[in-house]
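What follows is a single structure, written as structure tokens, with notes after it.
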Amino acid sequence: MTSDGEGGESVTWSTYLETWASIRQLRGREFYAAAQTQAEYTTEIVIRYQAGVDPKMRVRFGTRIFDIHAVQNEWERDRKIILMCSERSPYA
């Protein structure tokens, strides 16, 4: 968090890691909430192993932003990490 100069704070993000990734949409569904149609997607993102990646982080792929819900070290072999994510709405 950083001070906004008026007594408040704003959230800022910094780059932790830049790496290759494989992105695959696992499922999609539409539901109605607050009289609006919203899409929810579950996405699997696979990256090379990097210590310290956790669900408090997010993934940026071009202009798309993904919230990380789970981090799995595949087979506990420190070779690749599977991130279970949902894509943020571009309007959020």
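Values computed for the structure shown
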| item | result |
| --- | --- |
| Top-ranked residue in region 1-48 [being of a type in the set (Lys, Arg) and at pLDDT 70 or above; ranked as surrounded by the most Cβ atoms within 10 Å (Cβ to Cβ)] | 48 |
| Residue 53 vs. criteria outside any strand (DSSP E or B), at pLDDT 95 or above and surrounded by 10 or more Cβ atoms within 10 Å (Cβ to Cβ) | yes |
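The values are calculated or read from the model by the stated rules, or taken from the named source; none is laboratory data. Everything numeric here is computed off the predicted structure, so don't read it as measured data. Note that we place each Cβ from the backbone using ideal geometry, even for glycine, and neighbour counts take in every protein chain shown.
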